[in-house]
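For reference, the structure discussed in these notes is given below.
The values are calculated or read from the model by the stated rules, or taken from the named source; none is laboratory data. Because the structure is predicted, anything quoted here is derived from the model rather than measured. With ideal geometry, Cβ positions are generated from the backbone for all residues, glycine too; neighbour counts draw on all protein chains shown. All accessible areas refer to the heavy atoms of the entire protein, side chains included, with ligands and DNA or RNA removed. Shrake-Rupley method; radii C 1.70, N 1.55, O 1.52, S 1.80 Å.
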Amino acid sequence: AGVAGAGAVSWAARPSAPPGGVDKCMKDTWPDVADDCGGPVGYHGSCEARVSNLLSKYDGSCDKYCASFGFACSGARGAPADSGCEPEITAAEYISCSDKVPGAEGICSCHDQHDTFLWPSVERACGAGKAIVPPAAASTCAGFCADQGLVCAGAARAVGTGCSVGEAAACSDAIGDSGSMCTCDGEYDRVGTFKWPQTLAVCSMSTVLVSGDVLKEHGGNCEGFCSGLRERVPGFDLDFWCTAAWLAKGAGCGAAGNSRRLRGRSLADTCQQDFHGADAVCSCSFADL
């Protein structure tokens, strides 16, 4: 069974809770859950559960446990002696995701690297990187995944109202009248960097290489470029601002992170720097990124 969602996600403002009623953690897709540690969480919340059979089925490793259903481990700790998830103040034992949790059970924190709960226009989120997509949202699973900045890794015809599927389909096949299960791979870009206009290259999520000519159109600096993104990124009606800027100086995206060029200034201070027609690397963000 999957987790029900409703309608398209509105990008006008980031929600304090997952959109459309979708559970960010999708814990009903997690195996061997002894305690869900509180159920659904908010937009910035952590997804964790007390896991039974952790030692016998997953070698005591939260890494292996989270990977078993397509998530990645973000934290691990020993479980309280009897039940529940709250650590004992003096006995809480936080360990590496790859280390063996002491005891038969443990508390694993897992996250969905695909941010499936944020995908717009899906009918139902069905696990990490998997969702039922209606024909109104896209013509093919390949197209739907590409719209999220991801790559299609599989498709199948949806059956019924849950996450059940019928025959497999190609990513390029038309989405069925009842929808299709689209499986997308890659890291979801919450800020839609791959859709930003007038860039020379995408360096990483929220960071791009911008030509000097384009910067001139926006006051010569990255602050102007970032603030000018509002209403120019399809599907992302957000107020962007600059968080850092670097003179490219022939290094392209490699200029990002070069602190030697700051000369005592903070990264934010570089946002107003006039690059006088030279190319620059601009990092832009919004409130909830």
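Structure data summary
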item: Full-extension gain in nm, Arg230 to Ser74, via 0.36 nm per residue minus C-alpha separation; result: 52.9 nm
item: Loop sites in the range 151-229: chymotrypsin sites (Phe, Trp or Tyr not before Pro), DSSP, at most 11 other Cβ within 10 Å; result: none
item: Whether the range 39-89 is rounded, prolate or oblate, judged on the alpha carbon gyration tensor where a/c under 1.5 counts as rounded; result: oblate
item: Accessible-area composition of the range 23-83, carbon plus sulfur, in percent [1.4 Å probe]; result: 46 percent
item: 1.4 Å probe accessible area per residue over the range 96-157, in Å²; result: 34 Å²
item: Per DSSP, loop GluC sites (Glu not before Pro) in the range 114-199 with at most 16 further Cβ within 10 Å; result: Glu187
item: Cα-based Rg and Dmax for the range 108-236, where Dmax is the largest Cα-Cα distance (Å); result: 17.4, 54
